[in-house]
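> What follows is a structure written as structure tokens; I'll ask about it next.
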Amino acid sequence: MSADVAALIRRGAPTPCAGRFVLEIEAWQAMIARLRAAELPLLGLWSDGVQVHALFRQGQTPLVASVGVSSEGYPALSPVRAGARGAERIIHDLWGIPATGGSRDPWLDQGRWPVATPLAAHSAPTPGLPEGREFIDGPAVMRAGGTVLGHGPAEGDFRAPFHLRLGLPGAGIEAVQPCMGYAHRGLAARLRGLAPQQAALLVARIDATATVAHQRAFARALHHATGTPMPAQGVAAGVMLGAMERIATHLDMLAQASAMGGDGRCATLAATMLEQVRQICRELCGRRLLFDVIVPPATVKVRVEDTQLATLVGQHALLHRLFWRPRGLAARVRGKGVLSAITAARWGILGCNARAAQKGQGDMTDRLDARLDEIGESLSLLAALPEGSAMAPEGGQGEGLGWAQGPAGPVWHWLRVEEGHVAAWWCGDPSLALVQALPTILSGAAYEDVDLILAALGLSATGADL
Amino acid sequence: MAQLNLFWPEGMPLPRLEALDIFHIESGGCTGCGLELASLSRALLAGSHPIRFVPTPRQAGMLLLTGSLTVGMAPVVELAWQAMPGARVLAVVGDCAVDGGLFGGNYAVLGGVGARARTRVALPGCPPAPDEILAALVRWQTTEGKR
């Protein structure tokens, strides 16, 4: 059935972007009807104001279906792909394009922007709501007897801001309403009209926990758009720096989760390892957090010293033992924050969170263990001296799509280049799917565990809001 | 003189300081400054240092902002500031918080609080390293903070 849908998409009009096809409205509706029974995962949904684009994955191949936007909007994908809900609401907020049959509730615009639909050709100024939009509680919260607690956007922690409204009828959370937009910086508007080198500076600062992944995905999209091959040294540097970033981000989450879970030994070791990794990054490319290392083509030394690597490997083995020791962190967080394989598939969650759901029940223990495994794999990758081959561009006619594996899952970038400047851009970050799955993940959890569960998920509001 | 040496193998000498409770708000940025502050917070906690990050503005003497101040976070920052007791100071860390950095004003961003309010500590950088942040805090506390 997936092959049928893919064939239907490929019958559309080809575009300058390899793998993107424009469908007539009837074909788009036929695609939605067939998606009900197909297993084609949706990876992203966005608009450029003229068309709406849906990114699917067939096997390992990306496939983009586009449809022109009419005055009524476009037929919604959310009835057949739940993960499209957030993206449809974002498109409505930014462009004013409604999804027919989908929700029009705001996602990013909480009523404080000075203009409505800021990306539309004729965005209108609005007075704004001084108090922002109010929550409308559903029946689950009403059943909770008025017991409602908030979480965020300012908890004195170090994460990007977002708000959760939690309904608790008893000890466990029953209703969760996320409120996003606090971290929205208008990146799509900012990138329009910039030269790629300037755009790359902003892309590197989408999310510090996945900066290399964003830089690599953007660089790949740019190479496809401009038709220039990516040099082998740049590819190898990207692989190495991606591994370093994965290690650092996973260690940061392990340190956070260990500290919140009351495992001081794990927390101290993870934090010490993290600091060593940051120092290595500074020695390699002059930056602890790996900003601006991929574009322009990296000239960094793609080799970590053997002694540094051996130290990290030894510490990783110790961290693994500490994690699984009796009464260690693994036992303390077992059964909390379950993200099952079904939930992951429903919301289009990929990456280490999805892998954790495959290897067990998908609770925090599985997720942190998956991160420990990925640290080990990344250290092995660094020891094997990654070699990259030059990447041949696809398309080269002004439009490109690129992706890279980030610490929380795959990161996608699409861009259209006109006269040497970015004309349109989109970024797909795994955090958007995680935010949408939060009501399921937090269901039944104790309020005191919310911070812990969020830390282990690797959810970044700044990646979700852009 | 205390030594802070969890993350600096050679050790970092620190003068004896008054207690300083800091409430941090990420006001809309890439969280790079937040990551470096988290590293600093862990080091301070491990060293039982009197400078510490607290989970509520109601017990903080310093409001430390990172990020470019989105329009959504502006009222949150205002509320936190109003909730702080007694004498309080504002600190901004990172290019975004100092003057907007790469993220100047647009429909969603006000462009950093450093250009809009009187700050006692302003540390640029993208992001500044933990030792630079600590040095700026210690410098402020040993000079202005004692007044």
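Nothing in this text is a laboratory measurement; each read-out follows from the coordinates by a stated rule. This structure is a prediction, so every number in the text was calculated from the model and none was measured. Neighbour counts are summed over all protein chains in view; Cβ atoms, including those assigned to glycine, are modelled from backbone coordinates with ideal geometry.
> Assign unit charges at the C-beta atoms only (+1 for Lys and Arg, -1 for Asp and Glu), then state the dipole size of region B:18-141 relative to its Cα centre in Debye, rounded to the nearest 20. Display every interim value, and only then the final one.
Working: 8 positive and 9 negative charges, 61 e Å.
The calculated dipole for region B:18-141 is roughly 300 debye.
> In nm, what is the difference between 0.36 nm times the number of residues separating residue A:313 and residue A:148 and their Cα-Cα distance? Mind dumping the intermediate values first?
Details: separation 165, 0.36 × 165 = 59.40 nm, distance 4.52 nm.
Full-extension gain reported as 54.9 nm.
> Add -39500 (n - 2.57) for each DSSP H run of 4 or more in the protein assembly as shown, then divide by its residues: what number comes out at 222 nm, to the nearest 500 deg cm²/dmol? Don't skip to the end; give the middle numbers.
Working: 21 runs with 244 residues, N = 613.
So the helix-based figure for the protein assembly as shown works out to -12000 deg cm²/dmol.
> Still on this structure, please answer the following. Please report the net charge: other residues with Cβ closer than 14 Å to the Cβ of residue A:99, K and R +1, D and E -1.
Values: positive: A:81, A:85, A:89, A:104; negative: A:72, A:88, A:93, A:105.
Charge balance in the 14 Å sphere: 0.
> With contacts defined as alpha carbon pairs under 8 Å and 6 or more residues apart, what's the relative contact order of chain B in percent? Walk me through the numbers on the way to the answer.
Details: 288 pairs, mean separation 33.5, N = 147.
The value is 23 percent.
> Once you list every other residue whose beta carbon is under 14 Å from the beta carbon of residue A:124, what net charge do they have if Lys and Arg are +1 and Asp and Glu are -1?
Taking every other residue near residue A:124 into account, the sum is -2.
> Starting from the alpha-carbon convex hull of chain B, give the projected area averaged over all orientations, in nm².
On the way: hull surface 32.7 nm².
For chain B, the mean projected area of the Cα convex hull comes to 8.2 nm².
> Starting from the alpha-carbon convex hull of region A:2-100, give the projected area averaged over all orientations, in nm². Walk me through the numbers on the way to the answer.
Numbers: hull surface 22.3 nm².
That works out to 5.6 nm², a quarter of the Cα hull's surface.
> Would you work out the charge dipole size for region A:215-287 about its Cα centre, treating the Cβ of every Lys and Arg as +1 and the Cβ of every Asp and Glu as -1, and quote it to the nearest 20 debye? If you can, show how the numbers build up before the last one.
Working: 7 positive and 5 negative charges, 40 e Å.
Dipole about the Cα centre, nearest 20: 200 debye.
> Also: Return the ratio Rg/(2.2 N^0.38 Å) for the protein assembly as shown, where Rg is computed over Cα atoms only. Write out the running numbers ahead of the final one.
On the way: Rg = 23.5 Å, N = 613, 2.2 N^0.38 = 25.2 Å.
Computed over Cα atoms of the protein assembly as shown, the ratio equals 0.93.
> Out of A:462, A:347, A:309, whose Cα points farthest toward the positive end of the dipole of the protein assembly as shown (charges: +1 Lys, Arg; -1 Asp, Glu; placed on Cβ)?
A:309
> What is the angle, in °, between the Cα long axis of helix B:130-142 and the longest principal axis of the Cα atoms in chain B? Nearest 10 is fine, range 0 to 90.
80
> Calculate the tail of P(r) for region A:187-465: the fraction of all Cα-Cα distances greater than 33 Å, expressed in %. Please list the in-between numbers first.
Working: 8798 of 38781 pairs.
Cα-Cα pairs of region A:187-465 separated by over 33 Å account for 23 percent.
> Right, here's the next one. Taking chain B as a Gaussian network, Cα atoms linked when under 10 Å apart, which of B:126, B:33, B:96 shows the biggest mean-square fluctuation?
Answer for the Gaussian network model of chain B: B:126.
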